[in-house]
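Right, one structure below, let's go through it.
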Amino acid sequence: MALHVYDHVTRTRRLFEPIRPGKVGMYVCGMTVQDKPHVGHMFAFVACDMIRRYLEHLGYAVTHVQNFTDIDDKIIVKAAQEGVDFRVVSQRNIDLYHRYAEDLNIRPAHLYPLVTDHIPEIVAFIAGLVAKDHAYASGGDVYFRVRSWDEYGFLSGRHVDDMRSGVRIEVGEAKQDPLDFALWKSAAAGEPGWDSPWGRGRPGWHIECSVMATKYLGPHFDFHGGGRDLLFPHHENECAQSCCGTGQKYVNFWLHNGLLFLGDKKMSKSDGNFFAMGDVLAQFPAEVIRFFLLNAHFRSQIDYGEERLREAGAAYERLRRGVRRLAERRASGAAPVPEGLLSGPGEALAKAVREHRRRFFAAMDDDFNSAGAIGALFGLVRDLNQYDAAAGAELLDAGPLDEAWALFGEADAILGLHRDGLAGLTAVAEPVVPQAVLDLAAERDAARARRDWAAADGLRAKIAELGFTVEDGPGGSAVRPAAAGAD
Ligand SMILES: [Zn+2]
């Protein structure tokens with residue numbers, strides 16, 4: 001099988017063929033940096049990182065461009081509230097993005113263009129659309145004329161006539177049609193702005209991506225990523241602007257990742273602490289968060305929450321134990337079965353490794369199904385355990401054991417399971433005890449000190465509910481994870 005990728009237009013998976021042989025252009029809609037990154041943002045970047053790593057594994061030279069929207073109404077409001085320049089707000093959050101991306105083992109993009117560094121190009125692109133009558137100036141703003149492009153709606157599967165009822169012209173907008181959207185917005189006095197043929201103003205949101213993507217990747221490029229919530233209107237509008245502006249096709253394959261849901265509602269800022277990336281990273285190792293996000297197909301909706309992350313943590317440890325046991329066996333010094341020969345268990349293992357390798361790559365070829373690929377790795381861990389049980393300590397079938405090791409190595413390079421690769425996967429990690437559990441343990445110590453045994457027992461039960469046990473010793477209490485699940 002070769003790589004097949006979901007195609008939004010035909011609604012089927014289609015064989016991937018690069019536009020330029022051996023090369024892949026990939027644009028990822030980055031953050032609007034008015035606030036700290038949250039888990040939902042980082043999911044998109046983890047997913048695109050996995051996709052890029054797989055394309056590189058297949059031998060493509062990938063150019064990965066990811067913008068930051070560093071000027072926007074929300075950034076302006078935030079800066080005004082804080083009494084600082086808008087750049088202070090955007091730079092602070094850009095720095096946070098880079099820190100979390102590194103934690104999550106996301107490879108840096110080749111380029112991180114900023115909107116404010118591309119104003120002349122944006123103005124020129126808009127002027128081109130105006131010249132072709134796909135856009136018009138009105139009251140200091142410039143709008144894209146949606147009905148000037150027959151294909152509008154093709155990406156999101158909507159028809160312009162059905163969209164009419166849902167939109168209206170807001171106060172202060174000077175559109176000719178409610179469907180039209182802003183390419184350029186006039187700046188009020190005191191607001192950040194740049195000079196343009198239409199007066200002082202700033203770009204609308206959608207136009208920056210058309211301009212920066214086509215500037216760095218050419219008018220027609222291979223992949224464009226972003227959250228499912230960007231499909232409409234952002235990406236639909238990007239397509240319209242780009243196709244009308246360049247007269248060429250825009251994106252070959254769209255990579256829309258699913259959204260995170262808490263229970264059955266989409267996550268939002270009101271969900272409080274367990275949402276900001278920094279807070280989640282304080283409670284769970286970055287590797288576990290990444291593993292959790294990749295343990296579902298990137299296009300699917302993800303059921304998110306502390307319980308789900310704890311389960312992912314236990315599964316991740318199972319996988320690590322499997323890799324560690326394999327490393328120990330290969331280094332055990334047992335006499336290898338002579339080359340060219342296999343023991344009975346060795347023969348079964350050789351067959352299993354071939355099958356799991358086939359499954360791993362079939363899953364990745366199936367629209368980057370990292371969840372299926374991870375499933376193949378767990379299958380390999382199970383078969384390695386069986387080999388251990390059948391072969392005992394004396395046998396060492398080096399051939400299939402080396403092949404299993406090689407598969408873990410390739411899988412780690414593609415999925416980015418650990419920042420330190422196989423060495424990190426096989427290292428024995430100290431169990432991480434979340435701050436919330438440590439706080440409960442401290443509360444329990446205080447209850448014991450005042451001989452309030454009922455309260456202490458209640459707190460012990462609460463700690464147990466979170467998956468930890470507390471033991472009292474002469475030096476005080478110690479908390480550790482409850483016995484981890486069996487393999
Ligand atoms: Zn974008």
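None of the figures in this text is laboratory data; all of them are computed from the coordinates on show. Fair warning: this is a prediction, and the values are worked out from it, not measured in the lab. Glycine gets a Cβ as well: all are built from the backbone with ideal geometry, and neighbour counts include every protein chain shown.
Details
- Near Arg14, the amide H atoms lying under 5 Å from its own belong to Val5, Tyr6, Asp7; only residues 5 or more places off or on other chains count, and H is placed 1.01 Å from N.
- For Ala276, the amide hydrogen comes within under 5 Å of no other amide hydrogen, counting only partners 5 or more places away or on other chains and with H modelled in the peptide plane.
- Calculated on the Cα set of segment 83-211, radius of gyration then Dmax: 17.4, 47 Å.
- Here the dipole of the chain is about 240 debye; that uses its Cα centre as origin and unit charges on the Cβ of Lys and Arg (positive) and Asp and Glu (negative).
- Rh by Kirkwood over Cα pairs, then Stokes-Einstein D for segment 4-257 at 1.567 mPa s and 4 °C, µm²/s: 68
- For the chain, share of DSSP beta bridges that run antiparallel, in % to the nearest 5: 55
- Backbone geometry of segment 383-394 corresponds, through the Karplus equation with coefficients 6.51, -1.76 and 1.60 at θ = phi - 60°, to 3J(HN,Hα) couplings of 6, 5, 4, 5, 4, 4, 5, 7, 8, x, 7, 7 Hz, x marking Gly and Pro.
- With θ taken as phi - 60° and the Karplus curve 6.51 cos²θ - 1.76 cosθ + 1.60 applied, the whole-hertz 3J(HN,Hα) list for segment 418-426 is 8, 4, 9, x, 4, 4, x, 5, 8 Hz, x standing for glycine and proline.
- If you bin all the Cα-Cα distances of the chain at 10 Å, starting from zero, the percentages per bin are 4, 17, 24, 22, 16, 10, 6, 2, 0.
- Taken one residue at a time, the phi angles of segment 318-328 give Karplus couplings (6.51, -1.76, 1.60, θ = phi - 60°) of 4, 4, 4, 4, x, 5, 5, 4, 5, 4, 5 Hz. Gly and Pro are set to x.
- Rounded to the nearest 20 debye, dipole of segment 84-174 from Cβ charges on Lys, Arg, Asp, Glu: 60
- Cα lying deepest toward the dipole's positive end in segment 1-145, options Tyr97, His57, Val130, charges on Cβ: His57
- Between Ala464 and Leu341, the modelled label-to-label distance comes to 5.4 nm, taking each label 7 Å out from Cα in the direction of the beta carbon.
- Ratio of the Cα radius of gyration of segment 435-481 to 2.2 N^0.38 Å, where N counts its residues: 1.01
- Radius of gyration, Dmax [segment 57-149; alpha carbons; angstrom]: 17.8, 51
- Here the mean projected area of the convex hull built on the C-alpha positions of segment 335-399 is 4.3 nm².
- Per-pair calculated FRET efficiency, R0 = 30 Å: Arg480 and Ala331 via Cβ, rounded to 0.05: 0.60
- Greater than 30 Å apart at Cα, pairs in Lys36/Lys175; Lys132/Lys185; Lys74/Lys175; Lys78/Lys132: Lys36/Lys175; Lys78/Lys132
- Built amide H within the under 5 Å cut-off of Met31, gap 5+: Thr69
- log₁₀ of I(q)/I(0) at q = 0.27, 0.34 Å⁻¹ - segment 276-318, Debye sum with one point per alpha carbon: -1.02, -1.31
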